[in-house]
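**Student:** Got a structure for you, written out below as structure tokens; questions coming shortly.
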Amino acid sequence: MAPMNRGGSVTSQRAGDRWTAAVQVDERDATGHRQYDLSLNRTFPTEAAARRAGEQLLAEWKGGRVLLRDLLLRQLAGTYRTLRETYKPMRPPTVPATRSAWDRAITTWEEQSWIDAAAAARCRDHVRSAFVAESGATVRRHRLPGDAESDPTL
């Protein structure tokens, strides 16, 4: 396997009286160069706190302590959680765990106008990259706390 060169950058942005952070991760190897834009999917009380959180994630990425697949699946799950907080009942009712389930979910969200075409394209790109054949990793299913409107077992 060819050596991987990892890099990236952190940006922060004001969100009302709080701050958000975004991390762009880059990887280069013999097969090419890829970039992914990731949001930390939470807000911070100060710009410094937002930057620190982004820089910590970037350091883990550069140090090889986190896989691209995990970063992309975290980003997708964050998108799911944000939509779930806004739209009840959520479709699908649980975080998707397979490529086809993510594809169906993104199509549904776009059809419902919960996300725009650009966000749908970004999510689809993350799904494609997270589920590449050579990863060989098993997808862990994460459960979110249920509520009466979205969990039929309550």
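**Student:** For L72, only one of the following conditions fails: (1) modelled with pLDDT of 90 or more; (2) in the same structural domain as M4 (by TED's automatic domain parsing); (3) more than 15 Å from V10 (Cα to Cα). What is its number?
**Tutor:** Of everything listed in (1) modelled with pLDDT of 90 or more; (2) in the same structural domain as M4 (by TED's automatic domain parsing); (3) more than 15 Å from V10 (Cα to Cα), L72 misses just condition (2).
**Student:** Being part of a strand (DSSP E or B) and of a type in the set (A, V, I, L, M) is the filter here; which residues of the stretch 30-48 pass it? First the steps, then the outcome.
**Tutor:** Looking only at the stretch 30-48, we keep the residues that are part of a strand (DSSP E or B), and these are 32-39, 44.
Once the filter is applied, which keeps residues that are part of a strand (DSSP E or B) and of a type in the set (A, V, I, L, M), the stretch 30-48 yields only L38.
**Student:** Still on this model: Given (1) buried (at least 17 other Cβ atoms within 10 Å of the Cβ); (2) in contact with a strand residue (DSSP E or B) (Cβ under 9 Å, 6 or more places away or on another chain), identify the lone condition not met by L73.
**Tutor:** In the conditions (1) buried (at least 17 other Cβ atoms within 10 Å of the Cβ); (2) in contact with a strand residue (DSSP E or B) (Cβ under 9 Å, 6 or more places away or on another chain), L73 misses (2) alone.
**Student:** Conditions: (1) within 22 Å of A117 (Cβ to Cβ); (2) surrounded by 15 or more Cβ atoms within 10 Å (Cβ to Cβ); (3) out of contact with any Lys or Arg (no Cβ under 7 Å at 6 or more places or on another chain). M90 meets all but one. Number of the miss?
**Tutor:** That leaves (3) as the condition not met.
**Student:** Another question, then. Which condition number in (1) over 23 Å from A21 (Cα atoms); (2) in a helix (DSSP H, G or I); (3) not hydroxyl-bearing (S, T, Y) is the one that R51 fails?
**Tutor:** (1)
**Student:** Residue by residue through the stretch 105-127, note down the ones that are basic (K, R) and modelled with pLDDT of 95 or more.
**Tutor:** Result: R124, single match.
**Student:** Which one of these is in contact with a helix residue (DSSP H, G or I) (Cβ under 9 Å, 6 or more places away or on another chain) and either surrounded by fewer than 16 Cβ atoms within 10 Å (Cβ to Cβ) or hydrophobic (A, V, I, L, M, F, W, C) (or both): G7, G16, G63, G32?
**Tutor:** When all the criteria are applied, what remains is G7.
**Student:** Consider E85 against the criteria (1) without any contact (Cβ under 8 Å) to a residue 24 or more places away in the chain; (2) surrounded by 15 or more Cβ atoms within 10 Å (Cβ to Cβ); (3) assigned by TED's automatic domain parsing to the domain that holds W114: it satisfies all of them except one. Which criterion is unmet?
**Tutor:** (2)
**Student:** What residue, of G136, G64, is at pLDDT 90 or above and closer than 30 Å to D29 by Cα?
**Tutor:** G64
**Student:** Of (1) touching a Lys or Arg at 6+ places or on another chain (Cβ under 9 Å); (2) part of a loop (DSSP other than H, G, I, E, B), G7 satisfies all except one. Which?
**Tutor:** Going through (1) touching a Lys or Arg at 6+ places or on another chain (Cβ under 9 Å); (2) part of a loop (DSSP other than H, G, I, E, B) one by one, G7 breaks only (2).
**Student:** To continue, here is another question. Would you mind stating whether G78 is modelled with pLDDT under 95 and among the small types (G, A, S)?
**Tutor:** Against the criterion (modelled with pLDDT under 95 and among the small types (G, A, S)), G78 qualifies.
**Student:** If you check L57 against the conditions, is it in contact with a helix residue (DSSP H, G or I) (Cβ under 9 Å, 6 or more places away or on another chain), part of a helix (DSSP H, G or I) and under 19 Å from S12 (Cα atoms)? Reasoning before the result, please.
**Tutor:** Details: in contact with a helix residue (DSSP H, G or I) (Cβ under 9 Å, 6 or more places away or on another chain): yes; part of a helix (DSSP H, G or I): yes; under 19 Å from S12 (Cα atoms): yes.
So L57 passes the test.
**Student:** Just to be sure I understand the filter: pairs with C-beta atoms under 9 Å, separated by 6 or more residues or on different chains, first member in the stretch 16-36 and over 19 Å from G64 (Cα atoms), second member assigned to a loop (DSSP other than H, G, I, E, B) and of a type in the set (K, R). Which pairs pass?
**Tutor:** From the stretch 16-36, the pairs are T20/R42; A21/R42.
The values are calculated or read from the model by the stated rules, or taken from the named source; none is laboratory data. Please read all numbers here as calculations on a predicted model, not as lab measurements. Cβ coordinates were reconstructed from backbone atoms using ideal geometry, including for glycine residues, and neighbour counts include every protein chain displayed.
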